[in-house]
1. Run the helix sum for the chain: -39,500 (n - 2.57) per DSSP H stretch of 4+ residues, divided by residue count, reported at 222 nm to the nearest 500 deg cm²/dmol.
2. Does the chain come out rounded, prolate or oblate, given a ≥ b ≥ c as the square roots of the eigenvalues of its C-alpha gyration tensor, rounded meaning a/c under 1.5 and, failing that, prolate meaning a/b above b/c?
3. Please report 124, 172, 57, 165 as a ranked list, fewest other C-beta atoms within 10 angstrom at the top and most at the bottom.
4. Let me check against my output: what whole-number percent is the relative contact order of the chain, with C-alpha pairs under 8 Å and at least 6 apart?
5. Can you sort 77, 188, 136 by how many other beta carbons sit within 10 Å, fewest first?
6. Please report 21, 109 as a ranked list, fewest other C-beta atoms within 10 angstrom at the top and most at the bottom.
């Protein structure tokens, strides 16, 4: 048990092996229940704003997001900015030393063309990405998909996640990912990056 994070110690070696094989791993029940409920309560009282991914002349996606300065985003980021979490992520992903975590909270809603196109997160000293489910709604579509850069072959795909479940995946210029369009329901997630201390 790590502070506010739960990983089944019996499965740690399996997670490490799976990550080495695929560059990603699904972590069920990653967020401790009381911490999860606290975040869910705050999210329900929060106001989301439209967020475009990419720069003005090169937009590649649209979602809703909480302002970065919101207390809810601060709390989400604080939960994962934890030396114990860093140590466990380093072990599972064999990614080198983690110095900090930065994150956002996103939402996708049906009928709003919410999706994010293929891209790589390989910048800003990012080592490892996380998607953490922070919603209890059912949804279809809105799949996190991963592939080798430029390939048509999707190597991993993650659809509906339960609240508190997480996916971590490797950051590499040879890999890219996208969020497919939401078809129905509502999807709310915390996303972010574990970064090298060499900033």
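Bear in mind that the values in this text are calculations on the coordinates, not laboratory data. Because the structure is predicted, anything quoted here is derived from the model rather than measured. Ideal geometry is used to build each Cβ from the backbone, glycine not excepted, and the neighbour counts take in all protein chains shown.
1. Details: 4 runs with 44 residues, N = 199.
My calculation for the chain gives -6500 deg cm²/dmol from helical runs alone.
2. Numbers: a/c = 1.39, a/b = 1.11, b/c = 1.24.
Rounded is the answer for the chain, as its axis ratio a/c remains below 1.5.
3. On the way: 124 11, 172 15, 57 5, 165 20.
Ordered from fewest to most neighbouring Cβ atoms within 10 Å, 124, 172, 57, 165 come out as 57, 124, 172, 165.
4. Values: 437 pairs, mean separation 54.1, N = 199.
Once divided by the residue count of the chain, the mean separation gives 27 percent.
5. Numbers: 77 18, 188 25, 136 13.
Listed from fewest to most nearby Cβ atoms, that is 136, 77, 188.
6. Numbers: 21 9, 109 19.
The fewest-first ordering by Cβ neighbours comes to 21, 109.
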